[in-house]
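The structure under discussion appears below in the form of structure tokens.
The values are calculated or read from the model by the stated rules, or taken from the named source; none is laboratory data. These numbers come from a predicted model, not from an experiment. Glycine gets a Cβ as well: all are built from the backbone with ideal geometry, and neighbour counts include every protein chain shown.
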Amino acid sequence: MKNRPEWLQPSRSIYSKQHGIIQISTIIGNNLYFRKGNISQIIFNWEEEIEQGNLTTVEDAPSLKNLIYQEIATELEGRNKLAYCDVIPEQAAKSQPIPENIHSAVNNALIQLGINQLYFHQIQAWSAYNQSSDIILETPTSSGKSISFLLPVIHECLKGNSCIIFFNLKALAFDQEEKIKEFINLLPESIRPAILNINGDTPAQERKKLYTHKPSILCVTPDVWNHELTNYQFDNYNFIETLRKISIIVVDEAHFYSGIFGANFALLNRRTQLMIETAGGNLSKLKYIYASATINNSQEIAQKISNRRENITVINQNGARKAETTFISLKPQNSILYTTAQIAALLVSKDVVGICFCDSREMVKTLTQTIRKILSENGLSQNTISAFYANLKNNQRRKIIADIKSGEVKFIVSTSALEAGLDLGCIDAVLICGYPGSILSFRQRAGRAGRKEEGLVVFIPSRQSILDSYYSKHPNRLLTDPPEVINFNPNFENLLTWHILACCKESRPTINQIITHFGQSGLAIANQLINENKLVYSFNGKLACARHLGYIHGDIKIRGSRNNNINYINTSNGEEFEQSAINTALREVYPDAIYTAQDFDGNPVWYKSSELKIKEGQAFLKPIGQTNLFTRPQGVIKFEEVKTTSKAKSIKLPRGVIELTPKICKISESITGYKIYNRESRWTCPNQDCRNHNQSLASKLQNCLICNSQLTERDIIQLVEEVSYKESFTISYSTSCLQVTIDRQARSFFKSKVEKIRSEIKNQKYVSREERELFEYNETDICIHSLAHQLMLALPLVEHGASSKDIDFILHQEPTQSNSFGYFFDTVEGGTGMCDTLFQYLEKVVSRARFLVEHCPCKHGCSNCTVIYRCPDDNTAISKQVGLSILQDFIQEEVQTL
């Protein structure tokens, strides 16, 4: 080809069969240079590529969705927003014929559904079921997990048994019920099992009538099943017969069962097994099937839920087809809200069906309005956009789902409420607005894209977040990094107490049954409850719950202690914008407190607390303009140790040892008043002997007019007022703690660490406020407090669903002890599981904390790596540099159990 085509010119967009839509940078000889994201690439011998039909104009390109995605990538690159673009190839399906030992009626039903072969992982699940194994299905969204567990479930029903399927959300139960009915209704009526959706929308008396003596598939949420188990005590024959026949328990979306939710769910399963046994069922033949996203410790979680360590088959090789996916990552954005809205509107204009995930209802609402505004400005319909979040009524949720399936709605803006397995196969594109807090959540969200046709995933990071910025630089790690663990402790004393009372109310077990299902911890609690006259012996040595305790089941909050949460309400619009545990709220939004929140782009927003109603679970905050004022609570926290719950772990330092001991403690917190401070940035004289020291001087002056010292800009903090309440605000609760003990050698090591950093600071001409604090506090306090904050902030990188708001740390000194102390403590009555996670995965938490602090660009510590604004010690005695230095010195392989 002697002449270059007219369309092959620098800065022109063309189509490449291999790379999609590309923009030419330059052409030198036979080499065509172009950029894709931040990567420069070359097409060698462009003449040959044109001759073979691999290179052509955009107008002549095939009309496929992936071309639209490439156009979007090119447009984003033109706006200097694109950081990365890659095309993940299609994964072909791996299928096999339907096994001959599947019942002929079930085989016919599959064929009528258009299923003539089963995926490889579905065959594996069927084989494991026939070998009487528990099954863990860890395959991606839209891989046919429902068929994998429905085949065993239906075959158990054909044998005359019944099954329970646990769904973590009511909306998911409704969605899956329809899919199950579609399958079941293709079976002959004579062998068709009953499908019972046991949900809170149906009154309790009507639910009792749903049960039947015939084989049944029960679709339930843990919340409702907790109350449903009371049916046993009323001699409800059909309910008892259904329980007796239970042979399979399916746990859908098993990765959601972490923390308090997971602990309560595991105990609920123990109660269920106890009732199956009491009803005459055969627990030795009971099987569990778990459908889950990939997590790091699926077998451990399965064993905790089922309370047994029998054979488990883990199936994690996906045999389903996965369409080609274009993955785009943007550069960190100052305003992710408007950038996201622009991309969403662009997708709608190109008729691409999409969903955007946000992490708050407020952002969902605001983003929805912003997209509608952009569409209106471009002359497009606003009615194609819909918002979706947990607080919507059921009929609203169902209508939105139906509208997007029918094509009436083209784009949904959602919280994590649509992260779970609702069937939305029509979604083409997924926008992920900021890193969602875990690799697991990112993949669950990204898995929504391109279930049927080519898909698009766009990651939109915020410049305000260290993790957003990190993954923007390393976007491929979002797809390759190992997912987090999930964790819970089903042996929390407070939780065990309520569940043992409930099971004695339901099925009146013997002491031996208590030991079998709840272990030695359960036995100790049962004996204590007997001594307190809360449990009484009835006939045949069975235990019954004392009548004066009333309805025990209402005190079990399956998803956590909701009564101990405080909703933060914006008085200007009446909307709830945040929620926190009661003790966190006590230190954040006490009356007249100035509270700083964040808007959708990470910018600060200031509020003043007008009222805190602890009993009602509400705090009312009035928005105020930007202010230099801030408040700090005055009060005390007291620890009363109840008992030690496990052997301690020790961390060996180059000199000395840190020891962590799990305990249950009773904590009393009191807020007696507050102090108001003013923070002002001033150009001032740094010379402490000069009368201009800390005085506000004109910035145009370079030197002090009195002592000639060079002026510096620094934050000056001054006490404005100290306020005492007439009556203090006090709360008490028992929770899990980790006592941190530092021996004498470790204290000596900490002192040398801080002294070394102090000596470096002394040589500086200007010493910042943060650096001055290193000279104001005890060396051990600085080291252990800094380290504790960094470990707590790293917990979400270790456990899916973890939050640093669920755990606190306080320095504590016993006057009679030579060692120094501190306490990590869960922030909710009975515990949140965070202390347990920190203790169990200590080495991993240390590693992730080091990663977090090393990659944070701040100098002295910020809310991403060191500062926790609700800190009981008011963030005093902390230093990013000191904490990082100790993290680097930890000898991880020498973490030992004492």
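What strands (runs of 3 or more DSSP E) completely inside region 288-393 contain at least 3 residues that are in contact (Cβ under 8 Å) with a residue 60 or more places away in the chain?
In region 288-393, 312-315, 325-330, 354-357 are the strands (runs of 3 or more DSSP E) which contain 3 or more residues that are in contact (Cβ under 8 Å) with a residue 60 or more places away in the chain.
Any idea how many residues of region 605-635 are free of Cβ contacts under 8 Å to residues at least 24 places away in the same chain and not in a loop (DSSP other than H, G, I, E, B)?
6
Name the residue, out of Ile742, Ile782, that is of a type in the set (A, V, I, L, M, F, W, C), in contact with a Gly (Cβ under 8 Å, 6 or more places away or on another chain) and closer than 27 Å to Cys835 by Cα.
Ile742
Restricting attention to helices (runs of 4 or more DSSP H) lying wholly within region 786-898, give those where 1 or more residues are within 25 Å of Lys751 (Cβ to Cβ) and at pLDDT below 85.
Once the helices (runs of 4 or more DSSP H) in region 786-898 are filtered for at least 1 residues that are within 25 Å of Lys751 (Cβ to Cβ) and at pLDDT below 85, what remains is 880-889.
Could you tell me whether region 473-486 includes any residue that is over 30 Å from Thr294 (Cβ atoms) and either in a strand (DSSP E or B) or among the basic types (Lys, Arg) (or both)?
No, region 473-486 has no match at all.
Got a number for residues in region 728-745 being in contact with a helix residue (DSSP H, G or I) (Cβ under 8 Å, 6 or more places away or on another chain) and of a type outside the set (Ser, Thr, Tyr)?
Residues that pass the stated criteria total 6.
Considering only residues that are at negative phi, touching a strand residue (DSSP E or B) at 6+ places or on another chain (Cβ under 7 Å) and in a loop (DSSP other than H, G, I, E, B), which ones fall in region 493-509?
Across region 493-509, the qualifying residue is only Pro509.
Any chance you could count how many residues in region 435-468 are under 15 Å from Tyr69 (Cα atoms) and acidic (Asp, Glu)?
Residues that pass the stated criteria total 2.
In region 40-54, what count of residues is obtained for those that are of a type in the set (S, T, N, Q) and either on the phi > 0 side of the Ramachandran plot or buried (at least 18 other Cβ atoms within 10 Å of the Cβ) (or both)?
Here the count works out to 1.
Would you point out which residue out of Lys608, Lys663, Lys649, Lys615 is of a type in the set (Lys, Arg), assigned by TED's automatic domain parsing to the domain that holds Leu586 and surrounded by 17 or more Cβ atoms within 10 Å (Cβ to Cβ)?
Lys608
Only residues that are over 21 Å from the mean Cα position of the chain (by Cα) and under 20 Å from Asn383 (Cβ atoms): list them for region 405-447, please.
Answer for region 405-447, where residues must be over 21 Å from the mean Cα position of the chain (by Cα) and under 20 Å from Asn383 (Cβ atoms): Lys405, Ser406, Gly407, Glu408, Val409, Lys410, Phe411, Leu424, Cys426, Ile427, Asp428, Ala429.
When you scan region 340-398, how many residues do you find that are among the aromatic types (Phe, Trp, Tyr) and modelled with pLDDT of 90 or more?
Qualifying residue count, region 340-398: 1.
Taking Phe488 and the conditions (1) buried (at least 20 other Cβ atoms within 10 Å of the Cβ); (2) modelled with pLDDT of 90 or more; (3) not hydroxyl-bearing (Ser, Thr, Tyr), which numbered condition does it fall short on, given that it satisfies the others?
Among (1) buried (at least 20 other Cβ atoms within 10 Å of the Cβ); (2) modelled with pLDDT of 90 or more; (3) not hydroxyl-bearing (Ser, Thr, Tyr), Phe488 violates only (2).
May I ask you to verify whether Asn101 is in contact with a helix residue (DSSP H, G or I) (Cβ under 8 Å, 6 or more places away or on another chain) and surrounded by fewer than 18 Cβ atoms within 10 Å (Cβ to Cβ)?
For Asn101, the condition - in contact with a helix residue (DSSP H, G or I) (Cβ under 8 Å, 6 or more places away or on another chain) and surrounded by fewer than 18 Cβ atoms within 10 Å (Cβ to Cβ) - is met.
If a residue must be in a loop (DSSP other than H, G, I, E, B), more than 25 Å from Ser335 (Cα to Cα) and not small (Gly, Ala, Ser), how many such residues does region 570-601 contain?
Selection size over region 570-601: 5.
From the list Asn30, Asn54, pick out the single residue that is in contact with a helix residue (DSSP H, G or I) (Cβ under 8 Å, 6 or more places away or on another chain), farther than 23 Å from Asn476 by Cα and of a type outside the set (A, V, I, L, M, F, W, C).
Asn30
Only one of these is under 28 Å from Thr340 (Cα atoms) and in contact with a strand residue (DSSP E or B) (Cβ under 9 Å, 6 or more places away or on another chain): Ser610, Ser538, Ser572. Name it.
Just a single option satisfies the conditions, and that option is Ser572.
Are there any pairs with C-beta distances below 6 angstrom linking a residue in region 736-764 that is without any contact (Cβ under 8 Å) to a residue 24 or more places away in the chain to a residue that is in a helix (DSSP H, G or I), with the two at least 6 apart or on different chains, and if so which?
Arg758/Leu774; Ile761/Glu771
Scan region 548-576 and report the pairs whose first residue is farther than 17 Å from Lys805 by Cα and whose second residue is modelled with pLDDT of 90 or more and of a type in the set (Val, Ile, Thr), with Cβ atoms within less than 9 Å and a gap of 6+ or a chain change.
Taking only residues 6 or more apart or on different chains, the pairs are Ile558/Thr221; Glu575/Ile569; Glu576/Ile569.
Here is a yes/no grid of residues against (1) under 30 Å from Lys608 (Cβ atoms); (2) of a type in the set (Asp, Glu); (3) outside any loop (DSSP other than H, G, I, E, B):
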position: Arg655; (1), (2), (3): no, no, no
position: Cys665; (1), (2), (3): no, no, yes
position: Ser668; (1), (2), (3): yes, no, yes
position: Gly673; (1), (2), (3): yes, no, yes
position: Asn678; (1), (2), (3): yes, no, yes
position: Ser681; (1), (2), (3): yes, no, yes
position: Arg691; (1), (2), (3): no, no, no
position: Ser696; (1), (2), (3): yes, no, no
position: Leu701; (1), (2), (3): no, no, no
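Considering (1) outside any strand (DSSP E or B); (2) closer than 20 Å to Glu829 by Cα, say which one Phe639 fails and leave the rest.
It is condition (1) that Phe639 fails.
For the subset of region 173-191 comprising residues that are surrounded by fewer than 18 Cβ atoms within 10 Å (Cβ to Cβ) and not in a helix (DSSP H, G or I), which member is nearest to the chain's Cα centre (by Cα)?
Checked region 173-191; the qualifying residue nearest to the chain's Cα centre (by Cα) is Asn185.
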